[in-house]
Structure formats: structure tokens, C-alpha cells
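Here the structure is laid out as C-alpha cells; the discussion comes afterwards.
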Amino acid sequence: MTAMTTPPIAHPCDGSALPARLFDLIQAPLRWQLLAAGLEFGLFDRLSAPTTAADLAADLSLDAGRLGHVLDALAAMDLLVKSGGRYRLAEEAAPYLRADGERSLRDLLTTLPRLRHGDIAALLRGEAGDAALDMAAPEFWDRSAFSLRAFHRGMGAAAMIAVLESLPEWPSARRFLDLGAGSETLALTVAQRRPDMTAALVDLPPMADRIAGRLAAAGPAGRRVAVIADDFNDVAFDDPETGGGYDVIWASLTLYYARDLVALLTRARRALAPGGVLVSLHEGLTAERTRPETHVVGRLVAALRGQDRSFDQGAIAAALSAAGFGRVESRDVATAFGPFRLDCGRDS
């Protein structure tokens, strides 16, 4: 008898991951709702020690059965660990999800979705719902202060410091300026890691006042950070009162708000010390503004509300050249919050 081989059954997903991606989109909102519920009920702060669903439900006046299902789902997401019927916060998640975590993202996680999430169908029909969004207004950034600080402490500053420390100018740099800082985190980290360096930052008055207060409480390093309370469009960077002679000028996710980008970069170039560098870290959209997905999708709701501010790849490099920088170098940088384009402007 001749052996017969049964041909393999073709799987509908063979050759394409798209069906799996589409199915995962159904799961994604549920994951977010679970995280949001955990934050709302303070679950992550209550689970530093192993606790049963019944005990936690009694503390929160919730149904133990329903809470158990939610805790199981959070454990499935690796945010909690379940052992012997007891739940505790996963060690990796603690710094980010506890209110007192050293890199707590709670403020970011509770406020950023209000900007990024929305009824896209309604917005497409022109039904804005909320008041017009003005991301250049001081009031917008004042409301975003705690979210920005959480982002910087949780993930942003670490990525930015890594970029700065990769610069050939960094070891010999002595003066640093952060344009549109958003929080004290980066400038203070620079001052702490480099006692031989002085730092300055520019931010709008509501933010600047809050930043100055935190720096005053930060000890000696905080006293080496100067705060310029003004719109960076109006600051004379090379004015004797505000400084000048900077070895590194840093602009990250802020150049959208330049009224005249080339003029701003020209003034910044004049404020550099000989051999200094201006460093920009922003997204760079490609493929006719359809990539990277992180930025295109993540900023969609803001764009539908009239705030389509993302840069095309090459736009900032071109502006640096137009501003008089003799040498412009660019490269891609991978971060936990998406891929970005690093553009560095030097006089030679």
C-alpha cells in the first residue's frame, strides 16, 4: 500500500498578519479601560502587598466577583501578579503606576487620553463637541503641566539625556538651554549629572512659575538652572540679561509653536557659543504623511480639531540650513514613545 500524505490545510492568516492586527484592535480599547479603571479605583496603590479580591472589594465597597474578573484581566496584562488567590502589583509596573512611583505616569495616563481619544466619526462630520483646541495658548500648557512632568519623569528625560550624551560636544559643554521645557526635569537632570554645567530653560509664565518653585526646592543643582519666563518667540537669547554663549541649545517637541521657524532658529544660532550645536528632536512624517503610525494615529484627534502640527521629515533640517547653520546632520532615534528625527545644526 502506498502511503498518502495529507496536504496541509491553508490557514486564512497565512502570508498576512492583518487579520490578527484587526482582531487585536477589538482588544485594545478593553486594555485601556482596564488600566483606566485600575487608576480610578486606586488599585495599583492598594496592591503593594498581596491581597485577595474579597478583601480589596470590601475596602472599595465593590462586588468581589466582578472585581476578581478585573484583577484577573490586569494580571493577564502583566500589570498584576496573581499567586495563591492573592494579587499584587507587578514589580516592573510599580514605578510607573503607583502615585508615589519614582517614574509615575499616572498624571500622563489620566490626562493625555482626553487629547488623543475622541469620537472620530463625529469630528469627521464637523461636530467638534468641545471648545476649539488651541495648543499654542498658555492656558493649554498650564492645564497640561502635571501630565508633561509625568511624561518627562517617566520616560522622556531618559531618552533626551541619552541623545545629549551622544553628542560630541557634550563632554566639553558648559552652558545648556532648553527651549519650551515643559517641566524642570531635563534641565535639573543635566545640572545633577554635570556639576560643571549651568542650565537655563524657557517656558511660558504659568509654567515657568511652577518650574521655578520646583527648582528652588531641588537643592544646589536646582540653583544652577535659570528660568526665563517668556514665549520663546519673543526671547532675545543672546541678550546679556538672558545669557547667550550656549554650547547646546535643545528643542524637543516644541518647535510646532514657532511663529516663524527660520527666524527662531536664526536667533538661537546667534546665541550659540563658538563650536556650539542646536539639537532638535521631533517626529518626521514620511510616505506622504502616513508614517510612522505612532504619530499619524496618535495625533489624529488633535488634527481633526484643527491642530495638525506634525513635521514632515526634512522640514526642520531645511529650516536649520535656511537659518544659516553651515552643517546639518540628521538621524533617526528610537524611543519608548515612538520613532523620532534628530536634527543637529552646527556652524561648521
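The values are calculated or read from the model by the stated rules, or taken from the named source; none is laboratory data. Being a predicted model, the structure only gives us computed values, none of them experimental. All Cβ positions, glycine included, derive from the backbone under ideal geometry; neighbour counts span all protein chains shown.
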Checklist outcome for this item: With criteria (1) over 15 Å from the mean Cα position of the chain (by Cα); (2) touching a residue at least 60 places away in the same chain (Cβ under 8 Å); (3) assigned to a strand (DSSP E or B), SER330 comes up short on (2)
Next on the checklist: Any residue that is out of contact with any Cys (no Cβ under 6 Å at 6 or more places or on another chain), assigned to a helix (DSSP H, G or I) and touching a residue at least 24 places away in the same chain (Cβ under 8 Å) - is there at least one of those in the stretch 242-256?
Outcome noted: yes
Checklist entry - When you go through GLY284, GLY182 one by one, which is the residue that is at pLDDT 95 or above and in the same structural domain as GLN307 (by TED's automatic domain parsing)? => result GLY284
Checklist entry - Taking the stretch 19-57 only, how many residues are surrounded by 15 or more Cβ atoms within 10 Å (Cβ to Cβ) and within 23 Å of the chain's Cα centre (by Cα)? => result 6
Checklist entry - Any idea how many residues of the stretch 72-85 are surrounded by 19 or more Cβ atoms within 10 Å (Cβ to Cβ) and either part of a strand (DSSP E or B) or out of contact with any strand residue (DSSP E or B) (no Cβ under 9 Å at 6 or more places or on another chain) (or both)? => result 1
Checklist entry - Taking the condition free of Cβ contacts under 8 Å to residues at least 40 places away in the same chain, of a type in the set (A, V, I, L, M) and on the phi > 0 side of the Ramachandran plot, does ALA317 pass? => result no
Item to check | All strands (runs of 3 or more DSSP E) inside the stretch 159-240 with 1 or more residues being surrounded by fewer than 23 Cβ atoms within 10 Å (Cβ to Cβ) and either without any contact (Cβ under 8 Å) to a residue 12 or more places away in the chain or touching a Lys or Arg at 6+ places or on another chain (Cβ under 9 Å) (or both) | outcome: 198-203
Checklist entry - Of the residues that make up the stretch 261-278, is at least one surrounded by fewer than 16 Cβ atoms within 10 Å (Cβ to Cβ), of a type in the set (D, E, K, R) and under 17 Å from the mean Cα position of the chain (by Cα)? => result no
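Residues checked against (1) more than 25 Å from LEU167 (Cα to Cα); (2) of a type in the set (A, V, I, L, M):
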residue	(1), (2)
VAL296	yes, yes
ARG305	yes, no
ALA315	no, yes
SER348	no, no
Item to check | Given (1) crowded, with 21+ Cβ neighbours inside 10 Å; (2) in contact with a strand residue (DSSP E or B) (Cβ under 6 Å, 6 or more places away or on another chain); (3) not hydroxyl-bearing (Ser, Thr, Tyr), index of the condition ALA319 fails | outcome: (2)
